[in-house]
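The values are calculated or read from the model by the stated rules, or taken from the named source; none is laboratory data. Since the structure is predicted, the reported quantities are computational estimates derived from the model, not experimental observations. Glycine also receives a Cβ, built like all others from the backbone with ideal geometry; neighbour counts cover every protein chain displayed. Just the protein is used for accessible areas: all its heavy atoms, side chains included, with ligands, DNA and RNA removed. Shrake-Rupley method; radii C 1.70, N 1.55, O 1.52, S 1.80 Å.
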Amino acid sequence: MKNFNKLLIVGFAAIAAIACSDDKNNILQEAASNLVKEITLDVNGGEIVLADAGDMTTVKVTAKPTDAEDIGYYEFRSGDTKVFTVDNKGVITATGQGSALLSVVAKNNASVTAKCNVLVVGTRITSIEISNTYKDYTVTRTNAAGPSFNLLQQITILPSDANTKLLKYTSSNPEVATVTENGVVTAVWKGQTEIKAEATDKSGVFAVCKLTVNITPVTSIAVGANVQKIRLNTLFNDDNENLVYTVTKGTANAARITVLPTTATLNILDYISSAPAVIAVAANASNNLEITPKTGGTANVTINSTDGSNLSAQAQVEVYSILDRSRWTIKESTPSGSVTESNGDVWGGPIENVIRDDDAAGLIKAGAPGGPAAGSDVYFVVDLGEAKAFNYMIVSGTWSGGINTGVKINRLTLYGSNDGTTFTALGPDRTISTSTYNTMMWLDGLNTSNLYRYVKVVVTSTSYGYSANGNANQKVTHYVIRNFRLGIGAQQ
């Protein structure tokens, strides 16, 4: 019986222990579910401001949820006890001038905190005075940066023993002038703005510089004589294998666009094409005019100022037409194929390559089987497909590089025919520049009334070539040509 009673007692104890354990777990779970999730500080403007050492205030803390366990119990910490101290009830006492951080931590959830700044002002600013010159100030902007001035150097702060003399600077119109945190004012564009210098010690004291910014306007846009009428073709411009023709903006020059004065604040120009189908115009990174010829015709480029001075100038662009080569065929005097250099480079190929729109080149050579004897003239005949008018030609030489036997010709003669048999000389020998890759030249005496179906291009036996060794008068036996074109336009 005694053992049975002992068993009953042990059983009841176990049941009680289990019940107590469950109650404890329930309490812990309930406490865990009622933790403080958020605390906020009731601080005006996000900062607590005390006038001087010895002043006191109490920070009010609000927690969520409102039914959280142990709500109202917090740990208060001072970031610098030389500025202020705080007790466990949130009473703050100023101990010296300066600022430090107040941190508040929820006791039942250390991961939840709130912070704010505490400023002990001490002696506040009572006056900020700007020198008379800078109270109402005017500057003129050129195309140089600025001008700039330091407003702080023109300010007197009273009293001289104010504890916090740091000022906050703002510009009412940053598009007119900007100001740094150190008070450096920089002019941007014409207009008016107010630069405000304000005390940061909560005294509310400030001063204003009324600033007017003027600009240096563009007074003239001049178009040089060589720019007033520009003539281009749709393939090459002068010596450049480049569709873009650039007109530089700069000082007075016959080939330039000149903007005066040179100190104009905004000398950026705007370019407009009167006929985008004929020429496209754009400004490059340096604001120079870029013209891309599209097709034969005439167009005007209007050049406008952009600084509000409403000035403009014009240039006329004539784009020469280049003859269509889709029906062209070529017969050569010398079926010479190509030349292989000692280093393995291959130059030239069928002469018909000179009318292809890629980098292939053609070769003409005296002394080849089926062609003229060595020392004789070599030539090729172009059948245009129908009688055409033309008055300029473009001849392209070889690439740069270690070329010793493939060369650029220095002279050729043109003949015209309408039956392919009887040819008439189209002027004297034409000199080809051996120092450039592309040469455009006018065929004097030809105009729209001169129609030819066949053009014979003859390289005379007395022609010399340019080779990589720098000898521009070296007699050679074959010539590489990369491109040949004809066109029609109004000669300058």
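Return a yes/no flag: does the range 329-342 have any residue that is open to solvent by less than 50 Å² (accessible area, probe 1.4 Å) and assigned to a helix (DSSP H, G or I). No - not one qualifying residue is present in the range 329-342. Taken over the range 173-187, residues that are of a type outside the set (Gly, Ala, Ser) and assigned to a loop (DSSP other than H, G, I, E, B) amount to 7.
Residue check: Thr66 meets all listed conditions (1) in a loop (DSSP other than H, G, I, E, B); (2) of a type outside the set (D, E, K, R); (3) closer than 27 Å to Leu166 by Cα but one, namely (3). Of the candidates Asn182, Asn163, the single residue that is of a type in the set (S, T, N, Q), closer than 21 Å to Val49 by Cα and open to solvent by 50 Å² or more (accessible area, probe 1.4 Å) is Asn163. In the range 356-370, of all residues being out of contact with any Asp or Glu (no Cβ under 7 Å at 6 or more places or on another chain) and surrounded by 18 or more Cβ atoms within 10 Å (Cβ to Cβ), the one that is modelled with the lowest pLDDT corresponds to Ala368.
Restricting the first member to the range 287-307 and to residues that are under 23 Å from Asn267 (Cβ atoms), and the second to residues that are open to solvent by 10 Å² or more (accessible area, probe 1.4 Å) and charged (D, E, K, R), the beta-carbon pairs closer than 6 Å and six or more apart or on different chains are Asn287/Lys249; Asn288/Lys249; Asn304/Asp270; Thr306/Asp270. Pairs linking a residue in the range 247-263 that is touching a residue at least 40 places away in the same chain (Cβ under 8 Å) to a residue that is open to solvent by 70 Å² or more (accessible area, probe 1.4 Å) and among the charged types (D, E, K, R), with Cβ atoms under 7 Å and 6 or more positions apart or on different chains, are Val247/Arg256; Thr248/Arg256; Lys249/Arg256.
Taken residue by residue, the range 312-329 has at least one member that is in contact (Cβ under 8 Å) with a residue 60 or more places away in the chain and within 22 Å of Lys190 (Cα to Cα). Restricting to the range 81-122, name every residue that is open to solvent by 40 Å² or more (accessible area, probe 1.4 Å) and part of a loop (DSSP other than H, G, I, E, B). Selection gives Thr81, Lys82, Asp87, Asn88, Lys89, Thr95, Gln97, Lys107. Checking Gly297 against (1) small (Gly, Ala, Ser); (2) surrounded by 19 or more Cβ atoms within 10 Å (Cβ to Cβ); (3) at positive phi, which single condition isn't satisfied? All conditions are met except number (2).
In summary, Asp357 fulfils each of the numbered conditions (1) part of a loop (DSSP other than H, G, I, E, B); (2) under 30 Å from Ala225 (Cα atoms) with the single exception of condition (2).
Considering only residues in the range 297-324 that are hydroxyl-bearing (Ser, Thr, Tyr) and part of a loop (DSSP other than H, G, I, E, B), the one that is nearest to Pro276 (Cα to Cα) turns out to be Thr306.
The criterion of at least 3 residues that are surrounded by fewer than 19 Cβ atoms within 10 Å (Cβ to Cβ) and at pLDDT 90 or above is met, among strands (runs of 3 or more DSSP E) falling completely within the range 188-288, by 191-199, 206-215, 279-283. Selection of the range 133-152 for residues being open to solvent by less than 60 Å² (accessible area, probe 1.4 Å) and free of Cβ contacts under 8 Å to residues at least 60 places away in the same chain yields Gly146, Pro147, Phe149, Asn150, Leu151. If I filter the range 69-80 down to residues being part of a loop (DSSP other than H, G, I, E, B) and within 29 Å of Asn34 (Cα to Cα), which single residue comes out as most open to solvent (accessible area, probe 1.4 Å)? Only one residue fits best here, namely Tyr73.
Residues checked against (1) of a type outside the set (D, E, K, R); (2) at pLDDT 95 or above; (3) more than 30 Å from Val378 (Cα to Cα):
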| position | (1), (2), (3) |
| --- | --- |
| Pro293 | yes, no, yes |
| Asn304 | yes, yes, yes |
| Gln316 | yes, no, yes |
| Val319 | yes, no, yes |
| Lys331 | no, no, no |
| Thr334 | yes, no, no |
| Gly337 | yes, no, no |
| Glu341 | no, no, no |
| Val346 | yes, no, no |
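Can you find a residue in the range 343-354 that is surrounded by fewer than 20 Cβ atoms within 10 Å (Cβ to Cβ), out of contact with any Pro (no Cβ under 8 Å at 6 or more places or on another chain) and within 30 Å of Ala280 (Cβ to Cβ)? No, every residue in the range 343-354 fails to be surrounded by fewer than 20 Cβ atoms within 10 Å (Cβ to Cβ), out of contact with any Pro (no Cβ under 8 Å at 6 or more places or on another chain) and within 30 Å of Ala280 (Cβ to Cβ). Just one of the listed residues (Ile155, Ile130) is in contact with a Cys (Cβ under 6 Å, 6 or more places away or on another chain), open to solvent by less than 60 Å² (accessible area, probe 1.4 Å) and more than 22 Å from Thr216 (Cβ to Cβ), and it is Ile130.
Screening Ala144, Ala162 for residues that are within 30 Å of Leu260 (Cα to Cα) and assigned to a loop (DSSP other than H, G, I, E, B) leaves exactly one candidate, Ala144.
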